[in-house]
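Trainee: Let me begin by handing over the structure; questions about it come next.
Quick note: the coordinates plus some simple rules give every number you see, no bench work behind them. Keep in mind the model is a prediction, meaning the values are calculated, not measured. Neighbour counts are summed over all protein chains in view; Cβ atoms, including those assigned to glycine, are modelled from backbone coordinates with ideal geometry.
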Amino acid sequence: MSQAKFLLIRLIKAIMVLLAVTVFSFGLIRAAPGDPATVLAGEQGAVDPEFLDRVRARYGLDRPMHEQLFKYVAGIAVLDFGDSYQHNRPVIDLIAERLPATLLLTMTAFVLALLGGVAMGVTAAKHVGKWPDAVITVAALIFFALPLFWVGLMFILLFSVQLGLLPAFGMATIGTDMSLLGRALDVGWHLIMPAATLGLLYLATYTRMTRASVLEVMDLDFVRTARAKGLGERRIWRRHILKNAILPIITLASLQAGHLVGGAVLTETVFAWPGIGRLAFDALLQRDYNLLLAIFIVASAFVVFFNLVADLVYSLADPRIEVNA
Amino acid sequence: MNDFAKRFLRSRSGMIGLVLLILLVLLAIFADVVYPGDPWRMVGRPNLPPFSEGFMFGTDQLGRDVAAGIVHGARISLLIGFASSVVALGVGVVVGAVAGYFSGWLDDVLMRFTEFFQTIPSFMLAIVLVAIFSPTLTSIVTAIAVVSWPPIARLVRAEFLTLRQRDFVKAAQVGGHSQFNIILHQVLPNALSPVIVMASLMVAAAILIESGLSFLGLGDRNYITWGFMIGAGRTMIRHAWWLSAIPGLAIFVTVLALNLFGQGLSDVLNPRLSRSNRT
Amino acid sequence: MISQALKPVINIRDLSIALPQGADRAFAVQDLTLDLNRDEILCVVGESGSGKSLLAGAIMGLLPQGVTISSGTINFGDQNLTELSETAYRKVRGARIAMVFQEPMTALNPVLTVHEQINEALVAHGVRDSAERNSRILELLDATGLPDPATLQHRYPFRLSGGQRQRAMIAMALALEPDVLIADEPTTALDVTTQKQILELLRDIQRQRQLAVLFITHDFGVVAEIADRVAVMQFGELVEEGRAADVLDRPKHPYSQRLIAAVRGMSETARPVAPQIENPILSIRGATKTYSAGKSGFWSNSKRRIKALDNVSLDVGQGETLGIVGESGSGKTTLGQSVVQLVDLDSGEIRYRGQSIQAMDRKTRAQMRPKIQIIFQDPYASLNPRHRISRALTETQMIHGTPRKDALLRAQNMLDLVGLEKSALDRYPHEFSGGQRQRIGIARALVMDPDLIVADEAVSALDVSIQAQVLELLADIRKRLNLSMLFITHDLRVAAQVCDRIAVMRRGEVVEIGQAAAVLENPQHEYTRLLCDSMPGLDWFANHPMENVG
């Protein structure tokens, strides 16, 4: 099957998944206790009769169910998620505004976790049974068990409150006038703790997976063949062991990349990071379920997108995978 | 069975995990004995630091005993953790077994269904579900179960797919055993080992999700939970850091215990995977 | 005074290889003394657990974790390999001593092309000029008989067939023109026709380059085919050694005698004339089954249709043993599975005692099911590891209504019949050896008192000496219980020993069928002829009848 056809089919599948997510959200709104209009309007909007009427009209709440569903889905298809009363703006604008901050945070955490985790996992496997392995395995075990939001708070406690080294909240220092470089560094400074917090869990995961994968590949026949050819250890590690061990990691990483966008809620809340996770928390407090679900759908869209990327990346890395649905 | 128990005793991580777990469970069961009464009561001066007279973990801004909160909170965390895991296991095993054993269109449909739930960001879904249906013990347990079952289904399906091809299963088929009989007696006992390991890790994950939800204010307000304590203590972090620190440690110890226990189980059930004692 | 040319290339003296604590014996190899000479093929023969593979590993300096050389020397030229540093060893491996392994599927790196894998060996040993490397790679691939080397070299291993991968491995081994080639069961995982080709290739290459070849195998037929000298190993000790012709003709050690007798016995066809097939117990007509590989469904259109069975028609007479012989992909397994109703035919009919199974209603089918039973190939996968033997032998009976006490009694009788103790009932499968598990599998098949047994490669996974025992057992049982049998195998030798008639299958079709002796001595179809020719050592054993051995 040609590359183009493969992509087309995967694209259609992706769209169908998104459709399912949208219908699911629609179902959730209906399933929520109370009048759908108040559910969609949010706590603040529900007390404003004019806003309520707009909501009724926008979502066709007096119309039969299938028309409502159609309106809902059609709206989302053109990226119209309705308006947020509390912020007094279209939801899509809100999301678009906050998305870059989340992407910055999650991508940084992801890359650090991936690189660190793979490095640690390979080291542990190379020295299996000896002290570096023990230290790394224990470390991974500990990181795995730490609650994310608590770690963030403890970081703040240590580095902001006690040591006064790092800023506790937000993405940037407001007010002061800075050059572009200065601004970038300022953001970077704010980024350290949240990214470390978010990355810690994934670091543990990648360390474990890499260690297990490398240990498994080390025992395979073709590694023995490579040794029998008289190749040097470094070459064997690079081209034979690691090149094969990395394959399941790539799969896992690509799949996880998509989930990061929706998984930053706790971190952003703890650090008051101005991303869509924080926005979701605000929506939660305000019972603005429309906004909450909109974020939910957007986060799902990212997962779907990254799954597609994952397939492509993997098919490039593993020659055994032919471009097949 | 004895053989299994003996090997487990030799697993250091497994034993540490088990011992910790037993302690925690005992603590939770006897919470009323150790700290009788309502943990929400005000019993002392506010903001007492840990190791103060009579208050091992100190008190919060309203003079409530932190230690009482920890012990009673253990109940909820463990309860929700186990309950949601049982539900998730139930759903996951059934879906996975049916998909893996019968294949064909049934497998396709069930897998699409499973994939759907794996595509949605799980923590967000949990938040959405608990928010919409109001935080109660039931809704929390359900929400966590809903986001936890897909990996079990996947695992069981994979196990069933391989086991179904095994000769001893075919022998049973040739012997005329019914499908149900074969699934239950031939395949399932052999598929359980990895599922059991995953189950223990799932309880740990469930506790983490529950505490995250509580932290955001989505816990059941009738009960005191560790996540809630951390969230409440957040505003006081400059002056009364122990209010957030200690409940977090409690979560950490519990999750660690479960992970160690799971690790021990894995070592025993899959001896060839534990590389440190290879021949 | 031995001139340089006559000195052995590899001289192993009093070699002992120690196994780690907890292994079933202390030494894998004990006090072994053996020479490998220039320009010869030395076959090291032994069954599983003989230590032959570890011997090869020791020569290459590639012993697994925990396994060490505890004493002795391995002299290669003027170097003692046992004392070589890792760096120095690396210069020897691949360049002066090269190795070819057993499983072509897994012995090549799946993410590197054939070219890349040969290239890196050349680079590692100092061939700097890339043009020279490229031309050498093409030469090698051509010398090992690979088609279109220029294109094939850029393919990934998964694209090549088993035989092609093995040729590529051999090419890779020869890349640096080594003095010694060690081949560890290189043809065991291949089809018999492919095996013959690879054996020929190895023999040609050895002659052309005057290599010293150490060929490890468990098959004395292979020894008869290519060996100049033979060394027989048992439990880590060298029990016999000498020129191939001498050992094959007049084996001195009882173990060698047993192994050779087992192989020889299988090449001799002394089957009496088969019984009449008037009322066949099993009758297959027009059996057809097609598999579609690859995902089917709405989205995909990549379906490869494989015809497993193509209009197959056969009869099995009462008390007869019909052999189904074929290589992988012949459809023999599918046929066997369809007879026991594990697989449904697309079209065609299977008749049991004249009644069509396809036409039966569910109840009748369920009732006659116990009458046709099956014995599987892999003794390690055919018993449920979590059930005791008693359960394996009584469960089916009880499902069909036999009370527990009677079922247990019958189970005991069956165990007795297959030569196992009653105490086996309380134990788990992992406590038994492969041969014993296969006996339990036979007991399980017999416990329901069947009329017909399908033996699906029932002895293929067993060591040669155990094979002989199990085949004897089967022959005994068949006679006693007047059983009919459908004996599926890829090994014509085994079929000839056991079967009354033989049907040869290829790609879903029966290409020839007839009396066992006739099929072997006078094959009509060209494929049958090819199979007969490919049987390793057939010529030799045919021309060297057994002398009187005690």
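Trainee: Using a Förster distance of 41 angstrom, determine the FRET efficiency expected from the C-beta separation of C:N311 and A:S315, and round it to 0.05.
Mentor: Values: r = 40 Å, r/R0 = 0.96.
Calculated value: 0.55.
Trainee: How much net charge surrounds A:V39 when only other residues with a Cβ under 14 Å from its Cβ are counted (Lys, Arg +1; Asp, Glu -1)? Present the calculation step by step, with values, prior to reporting the outcome.
Mentor: On the way: positive: A:R30, A:R56, A:R58, A:R287; negative: A:D35, A:E43, A:D288.
Every neighbour counted, the sum reads +1.
Trainee: What residues have an amide H closer than 5 Å to that of C:I324, excluding those fewer than 5 places away on the same chain, when H is modeled at 1.01 Å from N in the peptide plane?
Mentor: Under 5 Å from the amide H of C:I324: C:F487, C:I488, C:T489, C:A503.
Trainee: Further, regarding this structure: What pairs from C:K289/C:K363; C:K371/C:K479; A:K126/A:K243 go past 20 Å between their alpha carbons?
Mentor: Check vs 20 Å cut-off fails for C:K289/C:K363.
Trainee: Continuing with this model, one more query. Anyone know which of A:V21, A:V270, A:V47 comes out most mobile in the 10 Å Cα GNM of chain A?
Mentor: A:V47
Trainee: Now for a different question. Between A:G129, A:G82, A:A109, whose Cα lies farthest towards the positive end of the dipole of segment A:31-137 when Lys and Arg beta carbons carry +1 and Asp and Glu beta carbons carry -1, centred on the Cα centre?
Mentor: Projecting each Cα onto the dipole axis, the largest value belongs to A:G129.
Trainee: As a test, work out the antiparallel percent of DSSP beta bridges whose residues both lie in segment C:157-247, rounded to the nearest 5.
Mentor: Details: 6 of 11 bridges.
Counting DSSP beta bridges with both partners in segment C:157-247, the antiparallel share is about 55 percent.
Trainee: Summing Lys, Arg as +1 and Asp, Glu as -1, what charge do residues with Cβ under 11 Å from the Cβ of B:R41 carry, B:R41 excluded?
Mentor: Neighbour charge sum, excluding B:R41 itself: -1.
Trainee: While we're on this one: In whole Hz, what ³J(HN,Hα) sequence does segment C:380-385 give by Karplus (6.51, -1.76, 1.60; θ = phi - 60°), x for Gly and Pro?
Mentor: For segment C:380-385, the Karplus curve yields 8, 10, 8, 10, 5, x Hz.
Trainee: Quick one: among B:L155, B:L184, B:L218, which has the greatest mean-square fluctuation in a GNM of chain B with alpha-carbon springs under 10 angstrom?
Mentor: B:L184
Trainee: In what order do B:W40, A:W273, A:W131, B:W226 fall by count of nearby beta-carbon atoms within 10 Å, going from fewest to most? Spell out each step's value before the answer.
Mentor: Numbers: B:W40 14, A:W273 26, A:W131 8, B:W226 30.
Ordered from fewest to most neighbouring Cβ atoms within 10 Å, B:W40, A:W273, A:W131, B:W226 come out as A:W131, B:W40, A:W273, B:W226.
Trainee: Given the DSSP H assignment, sum -39500 (n - 2.57) over each helix run of at least 4 residues in chain B and divide by its residue total; what's the result at 222 nm in deg cm²/dmol, nearest 500?
Mentor: Taking each H run of at least 4 residues, the total per residue is -23500 deg cm²/dmol.
Trainee: Between A:L285 and B:T138, how high is the FRET efficiency from 1/(1 + (r/R0)^6) when r is the Cβ-Cβ distance and R₀ = 25 Å? Nearest 0.05.
Mentor: Efficiency, from the Cβ-Cβ distance: 0.65.
Trainee: Another one. In the Gaussian network model of chain B, springs joining C-alpha atoms below 10 Å, which of B:M229, B:M124, B:M15 carries the largest mean-square fluctuation?
Mentor: So, out of B:M229, B:M124, B:M15, the one fluctuating most is B:M124.
Trainee: Rounded to the nearest Å, what's the spacing between the alpha carbon centres of segment C:211-234 and segment A:105-180? Just the number, please.
Mentor: Centre-to-centre (Cα) distance: 60 Å.
Trainee: Specify which residue in the list C:A359, C:I375, C:T394 is farthest towards the positive end of the charge dipole of segment C:351-429, using unit charges on the beta carbon of Lys, Arg (+1) and Asp, Glu (-1), about the Cα centre.
Mentor: C:A359
Trainee: Note down the relative contact order for segment B:1-79 as a percent, whole number, built from C-alpha pairs under 8 angstrom at least six residues apart. Walk me through the numbers before you get to the answer.
Mentor: Numbers: 86 pairs, mean separation 21.0, N = 79.
Relative contact order comes out at 27 percent.
Trainee: Still on this structure, I have one more. In whole Å, what is the distance between the alpha-carbon centres of segment C:343-369 and segment C:238-255?
Mentor: 52
Trainee: Under the definition of Cα pairs under 8 Å and six or more residues apart, what whole-number percent is the relative contact order of chain A?
Mentor: 26
Trainee: Follow-up. Counting just the Cα atoms, what span does segment A:206-304 cover along each of its three principal axes? Round to the nearest Å and put the largest first.
Mentor: So the three principal-axis extents are 67, 26, 16 Å.
Trainee: May I ask for the net charge around C:H400, where only other residues with Cβ less than 14 Å from the Cβ of C:H400 are counted and Lys, Arg are +1 while Asp, Glu are -1?
Mentor: Details: positive: C:K363, C:R365, C:R369, C:K371, C:R404, C:R410, C:R444; negative: C:E395, C:D406, C:D449.
Residues near C:H400 contribute +4 overall.
Trainee: Let me ask something else. Can you tell me what share of the DSSP beta bridges in chain C is antiparallel? A percent to the nearest 5 is fine. Provide the component values of the computation, followed by the final result.
Mentor: Values: 43 of 81 bridges.
Antiparallel bridges make up about 55 percent of those DSSP assigns within chain C.
Trainee: Another question, if that's okay. Provide the per-residue ³J(HN,Hα) series for segment C:167-179, in order, calculated from phi with Karplus coefficients 6.51, -1.76, 1.60 and θ = phi - 60°, each as a whole number of Hz, with x at glycine and proline positions.
Mentor: 4, 4, 4, 5, 4, 4, 5, 7, 3, 9, 6, x, 7
Trainee: Note down the nm distance, to one decimal, between modelled labels 7 Å out along Cα→Cβ at A:R58 and at C:T87.
Mentor: So the two model labels end up 7.4 nm from each other.
Trainee: Here is a follow-up. So for the protein assembly as shown: antiparallel DSSP bridges make up what percent, rounded to the nearest 5?
Mentor: 55
Trainee: Over chain B, calculate the relative contact order: mean separation of alpha carbon pairs under 8 Å at least 6 apart, over the residue count, as a percent.
Mentor: Result for chain B is 26 percent.
Trainee: First measure r as the distance between the Cβ atoms of A:L181 and A:V161, then evaluate 1/(1 + (r/R0)^6) with R0 = 41 Å and state the FRET efficiency to the nearest 0.05.
Mentor: About 0.90, to the nearest 0.05.
Trainee: When the Kirkwood hydrodynamic radius is evaluated over all pairs of different C-alpha atoms of segment A:188-229, what value in angstrom, to one decimal, is obtained?
Mentor: 12.8
Trainee: Once you put a point 7 Å from the Cα of C:V343 and another 7 Å from the Cα of C:S328, both along the Cβ direction, what distance in nm separates them?
Mentor: It is 1.5 nm.
Trainee: So what are the ³J(HN,Hα) numbers for segment C:66-81, from phi and the Karplus equation (6.51, -1.76, 1.60; θ = phi - 60°), rounded to whole Hz, Gly and Pro as x?
Mentor: With coefficients 6.51, -1.76 and 1.60, one gets x, 9, 9, 7, 8, 6, x, 10, 10, 9, 10, x, 9, 9, 9, 4 Hz.
Trainee: Further question: Multiply the residue gap between C:D31 and C:H400 by 0.36 nm, knock off their C-alpha separation, and tell me the result in nm, one decimal place.
Mentor: That works out to 127.2 nm of additional length.
Trainee: Want the number for C:A261 to C:D14: 0.36 nm per residue separation, take away the alpha-carbon distance, what's left?
Mentor: Once the chain is fully extended between C:A261 and C:D14, it gains 86.0 nm.
Trainee: If you don't mind, another one. By counting other Cβ atoms within 10 Å of each Cβ, how are C:S433, B:S13, C:S382 ranked from fewest to most? Provide the component values of the computation, followed by the final result.
Mentor: Values: C:S433 12, B:S13 20, C:S382 27.
Lowest to highest Cβ neighbour count: C:S433, B:S13, C:S382.
Trainee: Grab the Cα-Cα distance for C:D249 and C:R427, subtract it from 0.36 nm times how many residues apart they are, and report the gain in nm with one decimal.
Mentor: On the way: separation 178, 0.36 × 178 = 64.08 nm, distance 4.30 nm.
Length difference between fully extended and current span is 59.8 nm.
Trainee: I've got another one for you. Could I have the simple spin-label model distance between C:A23 and B:V33, label points 7 Å from Cα toward Cβ, reported in nm to one decimal?
Mentor: With each label point 7 Å from Cα toward Cβ, the separation is 5.4 nm.
Trainee: While we're on this one: Neighbouring Cβ atoms within 10 Å as the yardstick, rank A:Y72, C:Y428 fewest first.
Mentor: Fewest to most other Cβ atoms nearby, the residues stand as C:Y428, A:Y72.
Trainee: Compute the separation of the alpha-carbon centres of segment C:49-74 and segment C:512-545 and state it in Å as a whole number.
Mentor: With segment C:49-74 and segment C:512-545 each reduced to a Cα centre, they are spaced 39 Å.
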